[in-house]
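Notes to accompany the following structure.
Values quoted throughout were computed directly from the atomic coordinates according to the rules given, and no laboratory measurement underlies them. Predicted model only: the values in this text are computed from it and were never measured. Glycine gets a Cβ as well: all are built from the backbone with ideal geometry, and neighbour counts include every protein chain shown.
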Amino acid sequence: MSRALTRVVSWGHELLAEKIKKGQLVIDLTAGNGCDTLMLHRLVGETGQVVAFDIQSAALESTRQHLLEHGAVVRMWQAGAGKLPIASGVDLIQAGHESLADYLSQAPQGVVANLGYFPGGDPQIITRPDSTLKALRQACHLLAPGGRLAVVIYLGHPGGAEEGRLVDGFFAGLPAADFQVLQLKVSNRPEAPFLLVAEKRV
Ligand SMILES: C[S@@+](CC[C@H](N)C(=O)[O-])C[C@H]1O[C@@H](n2cnc3c(N)ncnc32)[C@H](O)[C@@H]1O
């Protein structure tokens with residue numbers, strides 16, 4: 001079945017897949033229902049490690065179920081757990097992604113973030129520019145050379161447009177000597193979600 005041309009989420013997955021291999025470490029900054037976490041788990045395989053963050057226990061529980069149905073080994077952590085062991089499987093952390101660096105002791109090869117609110121959950125609990133930008137700064141710093149960071153921005157909810165403007169500005173400000181940056185937008189639907197991808201130069 002062919003995919004809709006304008007489905008930026010799946011373009012993001014494809015651009016990550018180009019750079020991620022079995023056995024590597026990858027990060028999901030916003031687990032939600034776990035679709036991105038599962039995609040990352042498939043890319044790194046049983047020997048790889050996925051670390052996924054969310055502030056909502058319902059989101060992490062949904063992600064856990066999703067992953068277990070697909071045979072993943074899943075470990076649950078609370079905020080303040082400290083550096084996670086390097087181990088194959090999926091680590092789900094109930095903590096803000098702005099503290100990303102506190103949990104990692106290795107450079108990730110890929111990082112994904114789908115901003116906005118938990119689908120089916122409380123639409124008031126959204127990603128916020130301050131913490132989003134802190135997480136993106138850390139992700140860019142930690143990313144392995146040749147690794148990619150893919151972020152999907154939604155504009156339809158209150159606060160979405162402001163977050164979009166700031167995240168767009170963050171990517172635009174990444175030094176070209178260190179990062180290649182791509183933006184993918186639905187040209188004739190300005191309100192549609194858009195994708196930003198940064199690749200760290202080797
Ligand atoms: C659009 S949803 C993510 C969708 C998800 N990637 C999926 O595949 O279903 C955004 C998620 O970000 C979470 N979130 C909001 N602020 C956060 C923060 N500071 N740190 C981590 N997660 C956060 C929300 O709880 C929500 O579940």
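What does the net charge come to around R75 if you take all other residues with beta carbon closer than 10 Å to its beta carbon, with K and R at +1 and D and E at -1? Don't jump to the answer; show the numbers that get you there.
Working: positive: R64; negative: D91.
Here the charged neighbours net out to 0.
Could you tally the net charge around Q180, taking each other residue with its Cβ under 14 Å from the Cβ of Q180, Lys/Arg +1 and Asp/Glu -1? Before the final figure, lay out the partial values.
Working: positive: K19, R148, K200, R201; negative: E18, D178, E199.
It works out to a net charge of +1.
So for K134, K22, fewest C-beta neighbours within 10 Å to most, what's the order?
Working: K134 17, K22 11.
Exposure proxy ranking, most exposed first: K22, K134.
What percent antiparallel are the DSSP beta bridges of the chain, to the nearest 5? The partial results should precede the final answer.
Values: 13 of 36 bridges.
Close to 35 percent.
When DSSP assigns beta bridges and you keep just the ones with both residues in segment 108-202, what percent turn out antiparallel, to the nearest 5? Spell out each step's value before the answer.
Values: 13 of 18 bridges.
Given both bridge residues lie in segment 108-202, the antiparallel proportion sits at roughly 70 percent.
Once the other residues with Cβ under 9 Å from the Cβ of P145 are scored (Lys, Arg +1; Asp, Glu -1), what is the net sum?
Neighbourhood net charge equals +2.
How many angstrom lie between the C-alpha centres of segment 176-202 and segment 133-165?
One Cα centre to the other: 10 Å.
Okay, which of segment 114-144 sit inside 16 Å, backbone N to the point 7 Å along the Cα-Cβ direction of H157?
Only 114-133 pass the distance filter.
May I ask you to work out the translational diffusion coefficient for segment 59-135 at 37 °C, viscosity 0.692 mPa s, via Stokes-Einstein with Rh from the Kirkwood sum over Cα pairs, reported in whole µm²/s?
For the chosen part, D equals 235 µm²/s.
Between segment 67-128 and segment 1-56, what is the separation of their alpha carbon centroids in Å?
With segment 67-128 and segment 1-56 each reduced to a Cα centre, they are spaced 12 Å.
With the crude spin-label approximation of a point 7 Å out along Cα→Cβ, what separation in nm comes out for S187 versus L166?
Taking the two extended label points, one gets 3.1 nm.
Please give, to one decimal in nm, the separation of the simple spin-label points placed at D130 and A176, each 7 Å out from Cα toward the Cβ.
3.4
Only Cα pairs within less than 10 Å get springs; with that Gaussian network setup on the chain, which residue of L149, L166, L67 has the largest fluctuation?
With Cα springs under 10 Å in the chain, the top fluctuation among L149, L166, L67 is at L166.
Could you give me the percent of Cα pairs per 10 Å distance bin for the chain, shortest bin first, beginning at zero and ending with the bin that holds the maximum distance?
9, 38, 40, 13, 0
So which aspartates and glutamates pass the test for K22, namely a Cα distance under 14 Å, with those fewer than 8 places away in the same chain ruled out?
E46
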